[in-house]
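Enquirer: I have a structure I would like to understand better, so I am pasting it below and will then ask my questions one at a time.
Only the coordinates and a few stated rules stand behind these numbers; no lab work does. Note that the structure is predicted; figures quoted are calculated from it, not measured. We place every Cβ from the backbone using ideal geometry, glycine too, and count neighbours over all the protein chains shown.
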Amino acid sequence: MSTIVRIKKNKKPQRSVILTVVTGLMVIYTLLPLVWLFLSSTKTQEDLLGTFGLWFGGDFVLFDNIADTFTYQDGIFGRWILNTLFYVVVGAGGATMLAALAGYGLAKFNFVGRKAVFAVVLGGIAVPPTALAVPTFLLFAKMGLTDTPWAVILPSLLSPFGLYLMWTYSTEAVPTEILESARVDGAGEFRTFFKLALPLLAPGLVTVLLFNLVMTWNNFFIPLIMLKDIDLYPLTLGLYTWNQQANTVGGDVVFNLVLTGSLLTIIPLTMAFLFLQRYWQQGLAAGSVKQ
C-alpha cells in the first residue's frame, strides 16, 4: 500500500505536446497586437508608414509621441481621460452597486413576479446593446439629455449580465442563517446588506466591476450617437475623431498620436486586471462547485 502511495506522489504530471503548441499559439495571437501597438507608438509618422510593423523604426520617439499626444489640440486628450474616468466611476461603479443590490434581493427575498423578473433579466442578456441604441437615443432626445454626460452614464447603469452574476453568487455566498440572525437582532435590511452581505459578495462584486469597467471604458457606439461636444468625448470616440482626420480635406494625419493614445488607453485596464485578478478568478468560479 505504501509503495502505491509513493508511486502516486512521485508521478509527474503528463505533458501534452499538442496542448503546449496550441497554448503557445494562443499566447502569440494574444500578445502580437500589443507588441505591434507598442512598437508603432515608438515611431515617427514617416517610420510608421515606411518601416516593418513588428520592429522599431529609425528613431525611438515614444516619449515625444506621448508628449505630443497630451499637447495636441490644446491638450484635449487629457480632457478625454478625465471624461472616461468620470463615466467609469459613475457608470461602471453605479452599475455594479445596482447589480449587487438587485441580485441580492432576487436571491434572498421571495415576492410575487420573481420568475418573471428572472425571465426579463435573461432576455436583457440576450438583447445586444446596439439594438437598443436608436430607441435610447430617441428617448433621451425627447428628455433633452443628448449631448450631456447623462446620455453616456444612464445606459451604462444597466447591466443584465452583472445582475444575473450577482444573483447567482448571492445565492451561494450569503448564508440565509446569517441574515435571519441579523433580523432577529433587530438589524434593518440595508444595514444587513452593507455590514454582512456585502463583504461576502466581494469576489463576485469585483468580477462584475471588471466587466462593467471594460464595457464602459471601451464604450463607443453610445457616445458616438449621443454626443456632439468634443469636450464630452471619451477616449474611444476622441481617438476615432483623430483617426478620421486623415479622411478629411486638409485634416491632420496623426496616426502616430492615435496609436500612442491607444497604448495609453489600455494601461489602466491592464493594471486593473492585474491588481484584481485574484478576486476576479474567485468570482468566476462562483457556483462551479456544488456543496
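Enquirer: Tell me, what HN-Hα J-couplings in whole Hz come from the Karplus equation 6.51 cos²θ - 1.76 cosθ + 1.60 at θ = phi - 60° for each residue of the stretch 238-247, using x for Gly and Pro?
Expert: Per residue, the Karplus-derived 3J(HN,Hα) values read x, 5, 5, 5, 5, 5, 6, 4, 5, 9 Hz.
Enquirer: Also: To make sure I understand the rule: partners must be aspartates and glutamates, Cα under 13 Å from the Cα of residue 108, and not fewer than 8 residues away in the same chain. Which ones qualify?
Expert: Correct list for residue 108: 172, 177, 180, 189.
Enquirer: Give, rounded to the nearest 20 debye, the magnitude of the charge dipole that the chain has about its Cα centre when Lys and Arg contribute +1 at Cβ and Asp and Glu contribute -1 at Cβ.
Expert: Here the size comes out at about 1880 debye.
Enquirer: Choose one of 77, 224, 35: the residue whose Cα lies farthest towards the positive end of the charge dipole of the chain (beta-carbon charges +1 Lys, Arg; -1 Asp, Glu; about the Cα centre).
Expert: Working it through, the farthest residue towards the positive pole turns out to be 35.
Enquirer: Can you list the HN-Hα couplings for the stretch 214-226, worked out from phi with the Karplus curve (6.51, -1.76, 1.60; θ = phi - 60°), rounded to whole Hz and with x for Gly and Pro?
Expert: Karplus values, whole Hz, x for Gly and Pro: 5, 5, 6, 5, 8, 4, 10, 5, 4, x, 4, 8, 9.
Enquirer: Need one word for the chain: rounded, prolate or oblate. Basis is the Cα gyration tensor (sqrt eigenvalues a ≥ b ≥ c); a/c below 1.5 gives rounded, then a/b vs b/c decides.
Expert: Because a/c hits 1.5 or more and a/b fails to exceed b/c, the chain counts as oblate.
Enquirer: Continuing with this model, one more query. Mind listing the phi-derived Karplus ³J(HN,Hα) values for the stretch 227-234, rounded to whole Hz, using 6.51, -1.76 and 1.60 with θ = phi - 60°, and x for any glycine or proline?
Expert: Karplus-based 3J(HN,Hα) across the stretch 227-234 equals 10, 10, 6, 5, 6, 9, 5, x Hz.
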